[in-house]
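Computed from the coordinates by the stated procedures, all read-outs in this text should not be read as laboratory data. Quick caveat, the model's predicted, so the values are computed rather than measured. When we count neighbours, we look across all protein chains shown, and the Cβ atoms used for this are built from the backbone with ideal geometry, even at glycine.
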Amino acid sequence: MEIRNYLVPKSLDEAIMVLNQSPDNHVFAGGAWIKNTLKKIDTAIELSTLIDSKIKEYPNYIEIGAMCTLHDLEESALLKQYFGGIIAKASQSIMGITVKNLATIGGTIVGKYSFSDLLTALLAIDVTLVFHSKGKLKLSTFLTTNYPVKDILLSIIIEKNQTLGYYHKVSRTSLDFAIINVAVTNNNNRYSIVVGARPGTAAFALSAMNYINQLKNITEQDIEKTCELAADELSFSSNFRGTKEYRKSLAFVYIKRGLKAVINHVS
Amino acid sequence: MKAVNIITPSIDGQGLMMGKPGYTNDFSDKNSLIIKVLRSPHPYAKIVSINDSEALKLKGVECILSYKDFDRRPFTRAGQGYPEPSPHDKFVFDEYVRYVGDEVLCVAAIDEVTAEKALALIKVEYQILESVLDFESAMNHQSIIHPEPEIHEMFPIGFEPKKNIAASYQMHIGNVEKSLAQCDVVIKESFYTQAQAHAMMEPHAVNSRFDYQNRLVLYSSTQTPFHVRRIISQALNFPLSRIRVIKPRVGGGFGGKQAIHGEIICSAVTIKTGKPAKLVYTRKEVFESSYSRHPMRIDMTLGADLEGHLKAIDCYVLSDTGAYGEHALTVFMVTGSKVLPLYNKVDSVRFHGHVVYTNHTPAGAFRGYGAIQGNFALESAVDMLCEKLKMSPIAFRQINMIKETETSPIFAIMGEGTEGTAMNMETCKLEFCLNRGLELINWQKTYPRIQIDDHTVRSVGMAIAMQGSGIPYIDMGAATIKLNDDGFYNLLVGATEIGQGSDTILTQIAAEELMTTVDKVIVYSSDTDLTPFDVGAYASSTTFVSGNAVLKAAKTMKSKLVEEAANYFNCDIILVEFNGEVFTQIKTKDSITLKALSNRLYYNHDQKQLMVTESYVGHKSPPPFMAGFAEIDLDTETGEVKVNKYVSVVDCGVTINPKLAKGQVEGAIVQGMGMALYEDVKVSSQGKLISNDFMSYRIPSRNETPELITEFAISHEPSGPFGAKSVGEIGIDTPPAAITNAIFNACGVRIKTLPATPEKILMELRRKNHEN
Amino acid sequence: MLVNLFLNGEAKTLQVEPGDFLLDTLQKNNVVSVRRGCESTSCGVCTVLLEGKPVPSCSLLTVRLEGKSITTVEGIQKEAEKLAHYFGLEGADQCGFCNPSMALTVYAMKKELKDPTIETIKSYLVGNLCRCTGYQAQHIAILHYLEDQS
């Protein structure tokens, strides 16, 4: 790996300044993925000394430091209590422990990786991101916007509520990247449906969500209809892990299973 | 028995776990030049020009070698006995590159960074030639992959390079067409198997240097050190007597290290520069530029009468050997010879086929060696035939399969590249294996399927298999035993420990015969200067062939010891009793310990070194047998398959080391499961292997491993050491057929192209439901 | 540049380039027990402990380890020996290439998890690939090792 300089910045301001000086400057969170994504780096900017890695509980919300590792996420007893434990489940479904001891939630979010398992779960509860310059942003906004100026993610804020959650990843072996992953949540009868690795960064199935969220009573037919809408509106494509058609079929099946798992009563 | 057939920890496991140096790269010279190979980006091209002037100017670049630096001397890297049944169709480097990843040239530099930089500076101009990427249209293709005039076969193997045929063969017993015409039920099906990767954890590695006697000394991660020595000598025209190949600990092979990889290039760099050098493959090189299992199409025709008697088997095989013909003929022949005798009561059998060149990564030896491919086809076809006969696949096998004392005419006709060897099954516990397996998998309860919930079906499927124990009249193994003062022994073997436990089990065999304990036998394996010859670790030969050599050597040592004791007692040898520790003169009751006798022989009286060497070459190859049973859960909405349980009941004779034998079976089962379900090989339309790392090529992880239930039949093979047959390969053969049979039993979908991915299952299920 | 770290408890000052990965640094400094199985963090062979946690040394930049503590199997010899004993009894050690990394990961697991079951052992070790054993014998051996409190 070619890295010209390694910088331990004194402050976040310094880090942001250097980061935006050159497209070849990069911040380093866990760094688990650099080998597979970057070839040449001018200045590598260390973040571990500036950013928190703890999961903290407050009366109304949970705050996760951006440097929190995926292994800490999967082991967190606190996160297992909320949203059907989908954050822990999504973290569990990722590669092996050695990678998860390096990879961070911050790096995962900022990378907007199309194969990400964690983003699918986080988007389903649409967490709030706290950036150094931009301040607070919804994950959904961040994922769908291109930002010309590079920023640094500090933490992730998740509102505590009684949301029910379902998460499922389909992959060839448990260590592999997803052929598809699905998260479905029910926050007081407001449903969210997210599908990732289509292959494409996690996204809401908005018209399916609109459809089901208008309903007073949900029937089996409504669930089928919702799954059809979701499978039709989301873009799927083929790669060596699976074809477009297969992904679409899987999305349909697992959204259905997800909805059945989180809907309190099917009439 | 005191040392064999009892639980004995491997003799080297502790040191390796503690991180002691043991593997090839651990022994590289610290000042080694680092070798990097420039590899072809094209599936088929002619090199028009190489411009390496900029690279040569780079400080630290020691040499760049291409085809221009070598005489044109064809050889085969196959790593087989001599003369090889593989065509001599490879040059160290050639003007032609024949697959994406083929060697163009190599750079040797003082460090890795410099070598990589040099590679980037080299400009190669190619004339792109029409590539052959579909093996079914390779034969007689207008593009000829090996047009060069120097290449040749060593003896007739059906080599026709102008037709892109690396090897071909045919045999028949009886008249298949006539038999099939008389059958009540006939099925004819084609099966496809993929280019499975060995994926051993240690990448291929080699390092070389000249020693103080100016001899070329290599450490190599190889299964065949003696063949490596011979092939280096042939390819580089370098005296055999000046080459020493040391095989240290090898981090897994599975056949993938039977052939030569970087050894010739590494030797060439050391010869050219006089400096130590090393070449360690990247994982991408292991995938793209070593070799894989031969992908095949197998056309299987079976005919039976209404009572379920199998009458005729017609098997045609088309095998893809890729760019070079290593093991082309022999893997293809084993597809018949170690599969078709399972059903020995047929009136007629035909086995024929072709092995074609393509512009794919070459294929070569891989555990199972054709038998896994053939087993998938035959054992799937048998279940399909049973479906048509409305007959239980168990009952069918019980009627038709080979049994103890029986034989098959195929044994005499088909060997590996040569004629075979007739033999009767002195041990064949297949009936026991089958019946015990039925109990362990709870067949009656689950067959064919149980509905678990609205989308989950549980089912079972099975297959039977056989393999061999070495290649008769070809594979030779030798062992030397040396007596030391203090009464312990050295055991020197050419047999190659590659992680399968051969050092341990050979030590056990010696200890058993010498009536001592394993700690008194110090084994050293595979160094062409120090140990006697052995063909190496392949063809399931080590336990049977090398084990017999060790047993013979131990017997001879024992009689020498008794002779020396008789000298000491000044009596006839028949009056000497030896219990492993003490010699007793049975009349006078005089005694001397082995320790005292050996010290006396070293230092005091009639001094001499006791050392014996014995060789063994098999006159038969007693097959191990097994029955394998899978229980799966299949999701009918997604096609996902989970293997819950895999039962293996194996007849490998007496297990020298029961736990290590179990390890061989279980490791092979999971590897076979990988081939059956997960290990999808993807090649781009431009001929590039896409599945070229552990992120794109998925071997089973812990989470895919089912409950493994492994038992051994009570069996004693008279020709084996202490009753043993081989166990290295047999475990891999059944999972593809057993699992796809279970898939059929679960949902009626017949997967004929491996791997059986969920997507294939679901799409077939939809097609089937649509038809209904 | 220079990096000060603790290798198996011993303070070391290492000369490295910013782009050097720990695996290469260790090999240059004659630690042969940490070996390379792939280049993509996907096999587990190059595992070391960073502050007690298993991490892939092939993807960890050495410059980032200032003041940090690294453990290789040389730092847990007694535990490795004990685990090897149970591997030996189950025939769970075949080629052995990944066994030092296995010992490190199992050791970290023992410190981190309470009363692991076969299922938790599987998920903790899932990133440690093995092509030889079929895994089951390893899991049984590891359970026995964990039961041994001596």
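Given H placed on each backbone N at 1.01 Å, which residues far from B:Cys63 in sequence or on other chains put an amide H within less than 5 Å of it?
Long-range HN contacts for B:Cys63: B:Ala108.
Kindly give Rg over Rh for the protein assembly as shown, based on alpha-carbon atoms, with the Kirkwood expression for the hydrodynamic radius.
With Rg and the Kirkwood Rh in hand, the quotient comes to 0.98.
Report the FRET efficiency, 1/(1 + (r/R0)^6), for A:Gln21 and B:Ile452, where r is their Cβ-Cβ distance and R0 is 56 Å, rounded to 0.05.
FRET efficiency, A:Gln21 to B:Ile452: 0.40.
List the relative contact order of chain A as a percent without decimals, with contacts defined as Cα pairs under 8 Å and 6+ residues apart.
Across chain A, relative contact order equals 15 percent.
Give me a single rounded figure for B:450-457: the average over its residues of other chain Cβ atoms within 10 Å of their Cβ.
Counting Cβ atoms of other protein chains within 10 Å of each residue's Cβ and averaging gives 0.
Which residues among segment B:401-424 fall inside the zone where the amide N is under 14 Å from a point 7 Å beyond the Cα of B:Leu240, along Cα→Cβ?
Zone members listed by number: none at all.
What does the helix-only formula give at 222 nm for chain B: each DSSP H stretch with n ≥ 4 adding -39500 (n - 2.57), the total divided by the residues, and the result rounded to the nearest 500 deg cm²/dmol?
The per-residue figure over chain B is -8000 deg cm²/dmol.
In what sequence do C:Leu129, A:Leu50 fall when counting other Cβ within 10 Å, fewest first?
Taking fewest neighbouring Cβ atoms as first place, the list is A:Leu50, C:Leu129.
Among the aspartates and glutamates, select those whose C-alpha is under 19 Å from the C-alpha of A:Lys80, and discard any that sit fewer than 8 residues away in the same chain.
List returned: A:Glu57, A:Glu63, A:Asp72, A:Asp117, A:Asp126, A:Glu159, C:Glu112, C:Glu119.
Taking 30 Å as the cut-off for C-alpha to C-alpha distance, list the pairs among A:Lys134/A:Lys260; B:Lys90/B:Lys688; B:Lys257/B:Lys403; B:Lys595/B:Lys659; A:Lys134/C:Lys53; C:Lys68/C:Lys110 that go past it.
Where the Cα-Cα span goes over 30 Å, the pairs concerned are A:Lys134/A:Lys260; B:Lys257/B:Lys403; B:Lys595/B:Lys659; A:Lys134/C:Lys53.
For a quick check: sort C:Leu50, B:Leu677 by the number of other beta carbons within 10 angstrom, fewest at the front.
With the fewest neighbours first, C:Leu50, B:Leu677 line up as C:Leu50, B:Leu677.
HN-Hα J couplings of segment B:252-258 from phi, Karplus 6.51/-1.76/1.60, θ = phi - 60°, integer Hz, Gly and Pro as x?
Coupling constants for segment B:252-258: x, x, 6, x, x, 10, 6 Hz.
Under a crude label model (7 Å from the Cα following the beta-carbon direction), how far is B:Lys445 from A:Glu14 in nanometres?
The answer from the label model is 6.8 nm.
Working out 0.36 nm times the residue gap between B:Leu575 and B:Asn175, then minus their Cα-Cα distance, what length gain in nm do you get to one decimal?
That pair, B:Leu575 and B:Asn175, stretches by 137.7 nm at full extension.
Over the whole of A:88-99, what's the average partner chain Cβ count within 10 Å per residue? Rounded to a whole number, please.
Partner-chain Cβ atoms within 10 Å, mean over residues of A:88-99: 6.
From other protein chains only, count the Cβ atoms within 10 Å of every residue's Cβ in A:29-35, then give the mean.
4
If you average the sequence gap of Cα pairs under 8 Å that are 6 or more apart and divide by the length of segment A:2-46, what percent do you get for the contact order?
59
To the nearest 0.05, how large is the calculated FRET efficiency for A:Tyr58 and C:Leu2 if R₀ is 56 Å and r is the Cβ-Cβ distance?
0.85
Got a sec to turn the phi values of segment C:137-143 into Karplus ³J(HN,Hα) couplings, 6.51 cos²θ - 1.76 cosθ + 1.60 with θ = phi - 60°, whole Hz, x for Gly and Pro?
Computed from phi, the couplings for segment C:137-143 are 4, 4, 5, 5, 4, 5, 4 Hz.
Calculated FRET efficiency, B:Asp29 and A:Ser235, Cβ-Cβ r, R0 45 Å, to nearest 0.05?
0.25
Can you put B:Phe254, A:Phe131 in order of Cβ neighbours within 10 angstrom, beginning with the fewest?
Arranged by neighbour count, lowest to highest, B:Phe254, A:Phe131 become A:Phe131, B:Phe254.
Calculate one ³J(HN,Hα) per residue across segment A:26-32 by plugging θ = phi - 60° into the Karplus curve 6.51 cos²θ - 1.76 cosθ + 1.60, and present them in order as whole Hz with x for glycine and proline.
Calculated HN-Hα couplings, in order: 9, 7, 10, 9, x, x, 5 Hz.
Rounded to whole Å, give me the distance from the Cα center of segment C:112-150 to that of segment B:414-428.
42
Would you list, by chain and number, the lysines whose Cα falls below 16 Å from the Cα of B:Lys768, excluding same-chain residues fewer than 8 positions away?
B:Lys752, B:Lys760
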